[in-house]
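What follows is a single structure, written as structure tokens, with notes after it.
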Amino acid sequence: MSENNYTPPKVWKWEEHTSGGRFASINRPIAGPTHEKDLPIGKHPLQLYSLATPNGVKVTVLLEELLEQGHNGAEYDAWPISILEGDQFSSGFVAVNPNSKIPAMMDHTQDPPLRLFESGNILLYLAEKFGDFLPSNIHGRTETLSWLFWQMGMAPLLGGGFGHFYAYAPESYEYPINRFTMEVKRQLDVLNRQLADNRYIAGDEYTIADMAIWPWYGALVKNKVYDAAEFLEAHSYTHVMRWADEIAERPAVKRGRLVNKTWGEESTKLPERHDASDFSNL
């Protein structure tokens with residue numbers, strides 16, 4: 001056990017970069033915009049402002065799946081938001097999402113235009129808007145939403161907990177790494193047990209629950225985030241691995257994971273997306 005001990009002061013005071021780590025430059029204890037900048041608006045009613053992190057990929061995968069099913073109204077413009085450069089603190093972005101987190105969306109089919117934030121809410125809104133990927137029967141719908149909200153509650157423990165202390169913190173400490181590793185392995189076991197008896201997360205039907213969970217936990221077991229698959233013994237979660245591989249082969253998923261991606265080889269990223277033909281240039 002680490003011998004490092006920290007006694008919190010009676011009143012916490014923020015000093016710039018106090019939090020440390022990779023994202024220290026954009027962490028702060030206050031909300032609101034830091035600068036004036038309008039968001040761009042493209043030609044489609046649906047305007048997405050995002051980045052190809054796990055939370056961002058959820059929405060682009062659903063939009064591409066809806067288009068794959070023939071829902072032409074799901075055509076969208078996707079604009080990259082550089083979180084390391086602080087784009088999420090612009091006046092335009094804060095007006096769409098006061099919480100300054102990606103993804104955020106505007107639906108201009110509504111009068112006045114409707115703002116959408118929180119990835120789970122965006123998935124639910126689009127699934128209901130287009131009547132797809134959310135079962136209509138009460139049992140299927142409730143099961144799907146239970147797993148959707150499971151992901152929303154669990155992912156902060158995976159990302160802000162395990163991911164931060166294992167991969168991004170400026171120093172490694174045994175206690176937080178062990179604590180969050182135990183929790184993430186418990187979460188993987190929850191998924192593994194569910195997928196042992198079901199093809200998809202909520203049953204036999206592919207739903208927004210899969211689209212919410214796959215970018216986080218599918219990426220984790222396939223070593224796409226945190227470089228922790230060996231550490232977590234990801235191969236032992238055989239049903240999660242099977243599910244992750246199956247989802248990854250869907251054409252819409254292959255497209256969706258490229259949208260708003262600003263890093264990597266040119267053939268693996270599409271920073272802006274304005275038309276289906278944009279993928280043909282990759």
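The values are calculated or read from the model by the stated rules, or taken from the named source; none is laboratory data. Here the structure is a predicted model, which is why all the values come from computation and not from measurement. Cβ coordinates were reconstructed from backbone atoms using ideal geometry, including for glycine residues, and neighbour counts include every protein chain displayed.
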From Y166, Y173, which residue is farther than 22 Å from L258 by Cα, hydroxyl-bearing (S, T, Y) and modelled with pLDDT under 95? Y173
Inside region 40-78, the number of residues satisfying the requirement of being in a loop (DSSP other than H, G, I, E, B), over 21 Å from the mean Cα position of the chain (by Cα) and either closer than 18 Å to H274 by Cβ or without any contact (Cβ under 8 Å) to a residue 12 or more places away in the chain (or both) is 8
What number goes with the only condition from (1) free of Cβ contacts under 8 Å to residues at least 60 places away in the same chain; (2) within 16 Å of the chain's Cα centre (by Cα); (3) over 30 Å from P45 (Cβ atoms) that H139 does not pass? (2)
Any idea which residue in region 208-235 is surrounded by the fewest Cβ atoms within 10 Å (Cβ to Cβ), counting only those that are at positive phi and within 17 Å of the chain's Cα centre (by Cα)? N223
Quick check on region 241-257: of everything there that is aliphatic (A, V, I, L, M) and surrounded by 22 or more Cβ atoms within 10 Å (Cβ to Cβ), which residue is farthest from N198 (Cα to Cα)? V253
Of the residues R250, R257, R242, only one is under 19 Å from L51 (Cβ atoms) and not small (G, A, S); which? R257
Which residue out of Y226, Y206 is touching a strand residue (DSSP E or B) at 6+ places or on another chain (Cβ under 6 Å), within 23 Å of V57 (Cβ to Cβ) and outside any helix (DSSP H, G or I)? Y206
Here the residues within region 248-268 that are under 23 Å from I102 (Cα atoms) and not in a loop (DSSP other than H, G, I, E, B) are A248, A252, V253, K254, R255, G256, V259, E266, T268
Scanning region 160-205 for residues that are small (G, A, S), surrounded by fewer than 19 Cβ atoms within 10 Å (Cβ to Cβ) and under 30 Å from F117 (Cα atoms) gives G160, A167, A169, G203
